[in-house]
Structures are given as C-alpha cells and as structure tokens.
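Q: Here it is, the structure, as structure tokens.
The values are calculated or read from the model by the stated rules, or taken from the named source; none is laboratory data. Keep in mind it's a predicted model, so treat the numbers as computed, not measured. Here Cβ is always computed from backbone atoms with ideal geometry, including for glycine, and neighbour counts include all displayed protein chains. In case anyone asks, the SASA skips ligands and DNA or RNA and just uses the protein heavy atoms, side chains included. Shrake-Rupley method; radii C 1.70, N 1.55, O 1.52, S 1.80 Å.
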Amino acid sequence: ELGVERRFVPESCPRAVRPGDFVRYHYLGAFPDGTRFDSSYDRGSTFNVFVGKGQLIAGMDQALVGMCVNERRFVKIPPQLAYGTEGVPGVIPPNAVLHFDVLLIDLWNSEDEVQVQTYFKPEKCPRTVQVSDFVRYHYNGTFLDGTLFDSSHNRMRTYDTYVGIGWLIPGMDQGLLGMCVGEKRIITIPPFLAYGEDGDGKEIPGQASLVFDVVLLDLHNPKDGIAIENQLVPESCERRSQTGDFLRYHYNGTLLDGTLFDSSYSRNRTYDTYVGKGYVIAGMDEGLLGVCTGEKRRIIIPPHLGYGEEGRGKIPGSAVLVFDIHVVDFHNPQDSVSITVNYKPSNCTVLSKKGDYLKYHYNASLLDGTLLDSTHSLGKTYNIVLGSGQVVLGMDMGLQNMCVGERRTVVIPPHLGYGEDGVEGEVPGSAVLVFDIELLELVSGLPEGYMFVWNGEVSPNLFEEIDQNHDGEVLLEEFSEYIRTQVDTGKGKLAPGFDFEKIVQNMFTNQDRDGNGKVTAEEFKLKDQEGKEEHDEL
C-alpha cells in the first residue's frame, strides 16, 4: 500500500493540495536500500505539475493531496502505483518500491484570483488608489514558501509606478487598488497573473506564485491640483495675501506617510518669500494665496507642482508634499505706514511736526502679537526730535500730526522699518512692526534749518557782546557762555532734544569759516545775512 509519513507540517496551513491544483515541489527519489535514482535538487529546479490529472505516477498523485506549502512528506510507493512490472529501463528496475522525500514549495489553481490581506489600515483614509493613480510603495517579495526574491527596502528606495495602465504585472495592478496611504497588506498573486510559465528570467522561476508585503507611502494623480485644509483662521482677517505680497511663515514639511523632511521651526527662523512670483514651488505659490496673518493651514502638493520626478535633498522623486504652515505676517512692497487713531483729546490744536521734541510711550510687537519692546516695562518715555532720523522712517511718519494725549496704532512695513536684516536678537528680518503709541509731551521745534533763534530783537552790537575781552576774536568758550546766557534768560531758544554742547559746537564751526578756532567780526554773520549774501552772489 501507499505509505505517507508527514515529517514536517508548518503551523500555518491556509491551503492544502487538491486534485486539479498545480504544484511546485522538490524531491529526492531513492530505492529502499537508499540508492538515489533521481533528485530535483540536482537539477536546480522544482518539479512543476498538475495534481490528479494523470501527469504523475498514481502513488505520487495520491501522496501530494492534502499537502501544505513547506510541508515535508516521506512517501513509499509500491510498484503497482509506480512503474509496475516494466520499470524504467536503465533507471528503475521492474517491480521496484520507490521512496520519495518531498518538500512542497508552491501551490495554486487555475481558478485562483489575487488574494489581498490587509493587516494594518490607518484610521483616516481620505483617498484610495484608483486606476491611473501614481503610487510610491515599499515591498518585500517572497515565494509561497517564504523565500525572499526581492525587496525595495534593501535598495532603500520605493517602487514608483502608475497603477492599472499595464506598468505592473496584472496581479499587482489589482492588488494595489483601494489602498490608503499608510496601509499595509499582503498581496498573493498566482503565476498566470504574474510572470507565468517563463518567470522573469532572473530570480523568479516559471509558474511561481508571488507574495508581496506592501506598505503604501504615497499616492497622487497627474490631474491633481493642490489641496488646502484650513486648520485655524483668525476671527479678524482684515487682509488676505495676494500675488506680489511678501510673506513670513513657519512650516513643517512632511511626506504623505508623515516623514518629516524639513522644518523652519528647527532653524528658529521663518521662511520669507514673495508669493505668486515663482520664488517657491508652484504648489506653494498657489497655496499661500488668500491667507490671513495668524492663519494655519495644511497645503498638500502633488509632485508635478512640487519637486517632480527628480525630487530634491531629502525629498524623493514623485513625492506628494504636505506643508503645515503658520502665517506670521505679510506685506506688499507698495505698502505705506498704516495709522489707526484709538483716542484723540477734545482739545487737539497743537499737532506734532518735523523738528518737534516728543516724549511718548509705546508697545512694539509683530503682526502675530509677539511683544518686542515696551517703554512701560522700562519705566520711562522714549524721547526724539521728529524727522531727525532718530527712529525708523515709518515711525517718523507715524508720529506726524499727533497731539498730546492722543493714542494711535502705527503699522510699519519692513521697508520703512528695519528692512530685510532686522535687528539681530530683537527684530526679525522683513518683519512688519506694530506700535501702540501714546504721546505725552510735545516741545515745539525751531524752523527747519535753525538750531538757535532769538525770542526778541537781535542786538546791533552782537559780535561785541559775545567778544567779552574785546580782542576782536571770539573763542568757543566765549561763544558757548554767551549762548547759554541767552537761553537761560529766555532771550534765545535752542532746538529741543539735542545736546547743548554739540549744537553750540556746530554753530561755532559754521561761523569759524577759516577753521582756525577763532571767529572774527568779518567772519561773523547771522543766518538771514548769509542768505542775503548768497542771493546777491547768485
């Protein structure tokens, strides 16, 4: 009788051989005395055959039924179920009992279809693979017995392809349909949907079932545009970005599977760029339009609007990009200073002008509300001469025509503030600044071009009054003492907000025309006298 000994049975046996199945197996054939007469191992290829269709000796046809892949059986076949009384001349004698050590490698049926087993699926699956989509995935490819024949992991590069248009074997085209990014599935493909009778000519033999353990990393369609998911939109949004605006924003850049490839936060600096002018990838150019300051949004960019087939740096080719952005501020190069009056006293007749000496409090912040500086925290006012270049140009503009007690908010674009460089450690480059200002004191300045004026009539003997020792020459000490006396007695007024010594030195230098440190009567002239002489000369 036929003898079957099951020497090894795998723990998992999802399928057993039935008549009509196609099998691939290795075997050793020997006589009872141990003499070997045949071996598939010696030929370096499995024995491939249909079971139960008369293509095998009867004993083997029976012995293979019920076997699992990776099962090993020791089979004793009597001659009446083998080669009978005739044998095989030169190989198997008549009436020979045959022993076979059989290891089943592969098993399939012509009625089989692609089998898909999903063993991980993300909670969120906004999109699944459809025909004509382009996918990037990793895989391990094995035979049914677990032998590895290929792996994208070993190459450290995803397999990138279109689905459903014939770029893949038919079974993989089917097995990838319906997958989510991040999903993991096992796809089992019968040979007639894989590499068929001939194999691939390299690693995959003919008639081999293939098992692919796949994780989908990326998915897009060539017809895709960008996708925008609003995560946070401020309640107050007075202005939205337009083409030509300059934006400062933070971002985290990831691939669809969540792999981080870049982050402005890690550099502790915003990304600053013009929008709609090609300074960034096309998808970002589009995704940054229409944002508010303080807005957070997710921008999903297909590769044809990102870095294309080649990729860049840590970004692989054909990768979908996901940017989570936070808009810090934006402006337009055509912007001027924006002034909002928050409070104005009823008596507001004296307005600030160029040359006035101002004392004011301020809170300075960025557009996103980040506090930069505050005079309140210092416990003292900020004091300037308006229009003298002591503050940024935007502040000089924002303090014009203001009355004591008035409060206003002044928004200053960077080209009227601290420009592209900012102030290291204090003000970021290209930052829009917001000043909340309260004017506390105003001292009217002198007419433009004057550092000192008389409050009354000018003495006709002015030079003689300044020349105290009457030697016909005025030194700096004499000049300084005389000017101080005029200011102290109210006869004259210096431009407010400037250092007395510097003003006097400047006035004296203007009079000392030959630069010898002394002023003579011939050199000495009042400002209106200088103007007349210049007019006459002209």
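Q: Which of 296/359; 202/314; 121/277; 53/184; 296/344; 353/502 have a Cα-Cα distance over 29 Å?
A: From the list (296/359; 202/314; 121/277; 53/184; 296/344; 353/502), the Cα-Cα distance tops 29 Å for 296/359; 202/314; 121/277; 53/184; 296/344.
Q: Put a dot 7 Å past each Cα toward the Cβ at residue 354 and residue 240; how far apart are the dots in nm?
A: Distance between the two pseudo-spin positions: 4.1 nm.
Q: Another one. Report the one residue of 153, 25, 384 whose Cα lies farthest in the direction of the positive end of the charge dipole of the chain (charges on C-beta: Lys and Arg +1, Asp and Glu -1; origin at the Cα centre).
A: Result: 25, furthest along the dipole toward the positive end.
Q: Using Cα-Cα distances under 8 Å and only pairs 6 or more residues apart, what relative contact order does the chain have, in percent?
A: Over the chain, the number comes to 8 percent.
Q: Something else: With only Lys, Arg, Asp and Glu charged, each at its Cβ (+1 for the first two, -1 for the last two), find how big the charge dipole of region 452-520 is about the Cα centre; round to the nearest 20 debye.
A: Value, rounded to 20: 360 debye.
Q: Over region 452-520, what is the relative contact order in whole percent, taking alpha-carbon pairs under 8 Å and six or more residues apart?
A: Relative contact order for region 452-520 comes out at 38 percent.
Q: Placing unit charges on C-beta atoms (Lys and Arg positive, Asp and Glu negative, everything else neutral), compute the dipole magnitude of the chain about its Cα centre in debye, rounded to 20.
A: 3100
Q: If I model the chain as equal point scatterers sitting on the Cα atoms and use the Debye formula, what is log10 I(q)/I(0) at q = 0.08, 0.09 Å⁻¹?
A: Values returned for q = 0.08, 0.09 Å⁻¹ are -0.77, -0.86.
Q: How much of residue 200 can a 1.4 Å solvent probe reach, expressed as accessible area in Å² and rounded to 10?
A: For residue 200, solvent-accessible area is about 50 Å².
Q: Continuing with the same structure: Pull out a ≥ b ≥ c, the square roots of the eigenvalues of the alpha-carbon gyration tensor of region 227-331, then state rounded if a/c is under 1.5, prolate if not and a/b is larger than b/c, and oblate in the remaining case. Don't skip to the answer; put the middle values down first.
A: Values: a/c = 1.78, a/b = 1.57, b/c = 1.13.
The shape class here is prolate.
Q: Would you please give the FRET efficiency between residue 80 and residue 154, computed as 1/(1 + (r/R0)^6) with r the Cβ-Cβ distance and R0 = 41 Å, to the nearest 0.05?
A: Once the sixth-power term is evaluated, E becomes 0.20.
Q: So if R0 is 56 Å, what FRET efficiency would residue 228 and residue 470 give, r being the distance between their Cβ atoms, rounded to the nearest 0.05?
A: Using R0 = 56 Å, I get an efficiency of 0.05.
Q: What is the distance, in nm, between label points placed 7 Å from the Cα along the Cα-to-Cβ direction at residue 450 and at residue 314?
A: My value for the distance between the label points is 6.5 nm.
Q: Principal axis lengths of region 83-230 from Cα atoms, whole Å, largest first?
A: Here the spans come out as 83, 31, 27 Å, largest first.
Q: What is the extension gain from residue 374 to residue 289, computed as 0.36 nm multiplied by their sequence separation minus the C-alpha to C-alpha distance, in nm to one decimal?
A: Numbers: separation 85, 0.36 × 85 = 30.60 nm, distance 3.31 nm.
Extra length from residue 374 to residue 289 when fully extended: 27.3 nm.
Q: Moving on. Subtracting the Cα-Cα distance from 0.36 nm times the residue separation, let me have the gained length for residue 165 to residue 33 in nm, one decimal.
A: Values: separation 132, 0.36 × 132 = 47.52 nm, distance 5.73 nm.
Extra length from residue 165 to residue 33 when fully extended: 41.8 nm.
Q: Please compute the alpha carbon radius of gyration of region 3-108, then divide it by the globular-protein estimate 2.2 N^0.38 Å. Two decimals is fine.
A: Computed over Cα atoms of region 3-108, the ratio equals 1.03.
Q: Label points 7 Å out from Cα along the Cβ direction at residue 53 and residue 347: separation in nm?
A: Once both label points are built, they end up 11.2 nm from each other.
Q: Helix-only mean residue ellipticity at 222 nm, the chain, DSSP H runs n ≥ 4 weighted -39,500 (n - 2.57), per residue, nearest 500. What is it? Mind dumping the intermediate values first?
A: Details: 12 runs with 82 residues, N = 538.
Result for the chain: -4000 deg cm²/dmol, rounded to the nearest 500.
Q: Compute the length gained on full extension between residue 403 and residue 5: take 0.36 nm times their separation in residues and subtract their Cα-Cα distance, giving the result in nm to one decimal. Provide the component values of the computation, followed by the final result.
A: Values: separation 398, 0.36 × 398 = 143.28 nm, distance 10.69 nm.
That pair, residue 403 and residue 5, stretches by 132.6 nm at full extension.
Q: Find out how many positive minus negative residues lie around residue 118, taking Lys and Arg as positive, Asp and Glu as negative, among other residues whose Cβ is under 11 Å from that of residue 118.
A: On the way: positive: 121, 184, 185; negative: 183.
Charge balance near residue 118 sits at +2.
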